[in-house]
C-alpha cells in the first residue's frame with residue numbers, strides 16, 4: 001500500500017511539475033523553467049530511490 005501511495009505522489013508531482021515548466025517556458029521565463037525542470041529531475045531521482053528501497057524491503 002505504501003508503494004502505491006509513493007507512486008501516486010510521484011505521478012502528481014510529475015504532472016504538476018511539467019505543467020509548471022510548460023507555463024513558465026510559454027511565458028518566456030527560461031531561467032525559471034529550467035530551474036523547475038532541474039528541481040523536477042532531482043525530486044524524481046529521490047522518489048525512485050525511495051521506491052526502490054521500499055521494493056527491496058518486501
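Readers should treat all values here as calculations from the given coordinates under stated rules, not as data from a laboratory. Keep in mind it's a predicted model, so treat the numbers as computed, not measured. Neighbour counts are summed over all protein chains in view; Cβ atoms, including those assigned to glycine, are modelled from backbone coordinates with ideal geometry.
Can you tell me how many residues within the stretch 1-25 are in contact (Cβ under 8 Å) with a residue 12 or more places away in the chain and under 10 Å from the mean Cα position of the chain (by Cα)?
Matching residues across the stretch 1-25 total 6.
Which of the residues that make up the stretch 26-40 are without any contact (Cβ under 8 Å) to a residue 24 or more places away in the chain, closer than 21 Å to residue 11 by Cα and either in contact with a helix residue (DSSP H, G or I) (Cβ under 9 Å, 6 or more places away or on another chain) or not in a helix (DSSP H, G or I) (or both)?
Scanning the stretch 26-40 gives 33, 34, 35, 36, 37, 39.
Does residue 53 satisfy being in a helix (DSSP H, G or I), in contact (Cβ under 8 Å) with a residue 12 or more places away in the chain and more than 13 Å from the chain's Cα centre (by Cα)?
Judged against the criteria, residue 53 is not a match.
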